[in-house]
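The values are calculated or read from the model by the stated rules, or taken from the named source; none is laboratory data. Just so it is clear, the model here is predicted, and its values are computed rather than measured. Cβ coordinates were reconstructed from backbone atoms using ideal geometry, including for glycine residues, and neighbour counts include every protein chain displayed.
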Amino acid sequence: MDSEEKDFILEKIMIEYGNELVRLAFSYVKDTEIAKDVVQNTFLTSCSEVLRGIDSCTIYYPHLCSSSTLDFVIYSSTTNTQSTGNLSF
């Protein structure tokens, strides 16, 4: 799989699942910008998995997004700080 094909696959997945995942993340954090950050982190985390051939994206992405969102919520509640937009834990 060449670089152009990988880029196409990732773009297609982001278009197909992006809005749904933002809504899912928003249901946890109640902040649109944080939800978008969580989804971006979800896609960055998943890049290696997608390129290795995960076929069941309809199950994989919501699960990964929920996990990332819960990690963020737990991290935020334990540090009692506002998000700076950086989701590096």
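What is the one condition in (1) buried (at least 16 other Cβ atoms within 10 Å of the Cβ); (2) at pLDDT below 75 that Leu21 does not satisfy?
For Leu21, the exception is condition (2).
Leu87 passes all but one of (1) surrounded by 11 or more Cβ atoms within 10 Å (Cβ to Cβ); (2) at pLDDT 65 or above; (3) not charged (D, E, K, R); which number fails?
Evaluating Leu87 over (1) surrounded by 11 or more Cβ atoms within 10 Å (Cβ to Cβ); (2) at pLDDT 65 or above; (3) not charged (D, E, K, R) leaves (2) as the failure.
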